[in-house]
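One structure below.
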Amino acid sequence: MERVFSKLRNLDAYPKINEDFYNRTLSGGIITLVASVIMLVLFINELGLYIHSHTETQLVVDTSRGGKLHIHFDITFPAVPCSLLSLDARDISGEEHFDIRHDIFKKRIDSHGAVIEVRQDGIGAPKIERPLQRHGGRLEHNETYCGSCFGAETADDQCCNSCEEVREAYRKRGWGMTNPDLIDQCKREGFVQKIKDEEGEGCNIHGSLEVNKVAGNFHFAAGKSFHQSTFQLFELVTLQPDNYNISHRVNKLAFGDSIPGVVNPLDGVQWTQEAQSGMYQYFLKVVPTIYKGVRGRTIDSNQFSVTEHFKSSEMGLFQTITGVYFFYDLSPIKVTFAEEHVSFFHFLTNVCAIIGGVFTVAGIVDACIYHSQRAIKKKVELG
């Protein structure tokens, strides 16, 4: 057994020196202090790298097909009343949506930006006097209401029982409603009065859109749009001026859910109209993006880049319709962000390397200084 212990002692890589042979020096103490500080700083830096994750970025071709694109927006128009502000969308597949109201909310704001009223988009006002029937008489108690579409009917039994139904019938015909005061439904619902009441106000419009995952555009315009042939026209209420101020602030615009650490380039952007009215255009390149968190959370969203252009209305109504337009196109490249943590064993290896490396270098420096001091001391004694 003693022989086994003896062999184990021979394997000792750390031979001990009797303390009587130790020679402590001032330079050695200073080097030890400096080495300890360096080790502490390197350890804290390595600990920070271990605690915080790092991001790996990968670019691949986007092979996904079909699907939907979710657009979230929050835009303020300081000089366009909510009653005249409409949202439309269209894409290259031919799908079109005019005067979108689903999941759209509007806030009436005064000239100072204070909120006057919050409502979901739509016209709703207390009705006055009895409705006018399609046959020309007023609604009696025992009658079913069927309002006139004022010449825009597409069938003999079609009824328009609200101002919006009359306007929709006009849009389908490709007509513009230039005087709502002549329409009984609009007069009873106070549509014209509503526009007058909101004169001088602004509007904050926010909500979300779901569109096809193809190139397209959505836009905010003063007036309610309708479609005729290949042109998109706008029903501009005659009570309002022709020169609309489309100054605006983009509080938020995102294609999909928010990605941690990514700021959308249009958030907080403001534009003020200084000349005549026209089209303010944003051209967006949407990049599909996948974010993978360290805890397994995956977000399938999008980033985008943007350029801007203003086109005045000097060329006429059919060429430039007053409003703010967002034209978007999809990039064929998909970006993947993957957050990763340094493994514990990697962290432990680096800590050991820091301790061993600093001590080794400090020992070499100390030995060099010690031998230099001894050589100088010998020269002095012999000299």
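Nothing in this text is a laboratory measurement; each read-out follows from the coordinates by a stated rule. Computed from a prediction, not measured in an experiment: that's the story for all the values here. Positions of Cβ are backbone-derived with ideal geometry, glycine not excepted, and every protein chain shown enters the neighbour counts.
Summary of values
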quantity	calculated
18 Å cut-off, amide nitrogen to a point 7 angstrom out along residue 197 Cα→Cβ, residues in segment 204-223	204
Net charge contributed by nearby residues that have their C-beta within less than 11 Å of residue 219 (K/R +1, D/E -1)	0
Full-stretch length increase - residue 2, residue 251 - with 0.36 nm per residue and alpha-carbon distance subtracted	81.4 nm
Cut-off 17 Å, label 7 Å out along Cα→Cβ of residue 377, residues of segment 20-62 by amide N	20-31
Of 68/187; 106/292; 68/292; 172/285; 68/285; 194/285, pairs whose Cα-Cα distance is over 28 Å	68/187; 106/292; 172/285; 194/285
